[in-house]
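Heads up, the thing below is written out as structure tokens.
The values are calculated or read from the model by the stated rules, or taken from the named source; none is laboratory data. Just so we're clear, the structure is a prediction, and the values are computed from it rather than from any experiment. All Cβ positions, glycine included, derive from the backbone under ideal geometry; neighbour counts span all protein chains shown. Ligands, DNA and RNA are stripped out before the accessible areas are found, and what is left, the full protein with its side chains, is counted by its heavy atoms. Shrake-Rupley method; radii C 1.70, N 1.55, O 1.52, S 1.80 Å.
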Amino acid sequence: MAERPFIVGNWKMNGTRSMLSEARAIDRASQRLMKVEVALAPPFTLIHAVHKEVQQIGVGAQDCHSVEEGAFTGDVSASMVLDAGAKFVILGHSERRQSHGEDNALVKAKAQTALNAGLRIILCCGESEQVRDAGDAESFVIDQIRASLPEISGNAGEVLTIAYEPIWAIGTGRTPTAEDIGSMHRAIRALLVELYGEETSAAVRILYGGSVNPGNAAELLAADEVGGALVGGASLTAESFLGIVLAAADLPSDG
Ligand code: PGA
């Protein structure tokens, strides 16, 4: 792994203020693990509180609206999450694609608005089990990324992270083999090189997500072109999340 690994906890729709102690514990431990970039994406309601609570780790949002402001009852804009303390936003997560009907065009519009507001983006992609079984996983994922990526006027390496999350691995305890992850990540890397050139794209980290836990993190993080992990269930306690951060800290830094 060439770049500094990026380990991001996605709390999904979990967490009230009673969970701030977990964020605090993650932050304290991360101060001793500077080799790893650590971040949490709590629900909207906790972004500001987590931001106030932590010194070392990054804070992000799990979604934002595709337009900057307006009459959208119940929605939250990119500049609102930025104002609350978020530095990045996760977009295109399969749970939003599935349960909120978000398609690539909407993900792209959200990503454009987020970048314009000054947020970094973590763009999620991943195939269903059916697509994988049909042997179409790589072409599906590459098409999905192409159609979801916004125009990036500045340096893509500074604002873009990709998260490859096979839908069938999310929350199921099942994961692809390290070989399959490596092969997908190499295909994504080739696309990034095509879009942004060798040098710029080298700074874009490609995270793996889907049932990462302290027991499998070392193996999954060591797969080819894996620049970190997007972690759901195992990010909800400091103990399990830090097990993953420690695995990332133990990786050889030259790949
Ligand atoms: P999981 O979720 O780690 O619980 O599988 C990952 C994700 O959805 O980002």
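Data table
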read-out	value
For region 34-48, 3J(HN,Hα) per residue [Karplus equation, 6.51 cos²θ - 1.76 cosθ + 1.60, θ = phi - 60°, Hz, x = Gly/Pro]	5, 5, 10, 8, 10, 8, 10, 10, x, x, 3, 5, 10, 4, 5
By accessible area with a 1.4 Å probe, ligands and nucleic acids excluded, highest first: order of 95, 102	95, 102
Cα gyration tensor shape for region 91-239, rounded if a/c is under 1.5, else prolate or oblate	rounded
Cut-off under 5 Å, modelled amide H: who pairs with residue 89 long-range	61, 120, 121, 122
Residues whose placed amide H lies under 5 Å from that of residue 163, excluding near-sequence neighbours	123, 124, 125, 207
Under Karplus coefficients 6.51, -1.76 and 1.60, residue-wise ³J(HN,Hα) of region 171-180 in Hz, glycine/proline x	x, 9, x, 9, 9, x, 6, 4, 5, 5
Separation of the residue 18 and residue 100 label points, Cα + 7 Å toward Cβ, nm	2.6 nm
222 nm mean residue ellipticity, helices alone, for the chain (DSSP H n ≥ 4; -39,500 (n - 2.57); rounded to 500)	-12000 deg cm²/dmol
Gained length - residue 45 relative to residue 194, 0.36 nm times residue gap less alpha-carbon distance	49.8 nm
Max mean-square fluctuation residue, GNM over the chain, Cα-Cα springs under 10 Å, options 225, 138, 165	138
Accessible surface of the chain [probe 1.4 Å, protein heavy atoms]: carbon and sulfur percent	49 percent
Whole-number D in µm² s⁻¹ for the chain, Kirkwood Cα-pair radius fed into Stokes-Einstein, 25 °C, 0.890 mPa s	136 µm²/s
Residue 186-residue 72 pseudo-label distance in nm [points 7 Å out on the Cα-to-Cβ vector]	4.0 nm
Cleavage-rule hits (trypsin sites (Lys or Arg not before Pro)) in region 160-224: DSSP loop, at most 12 neighbouring Cβ within 10 angstrom	174
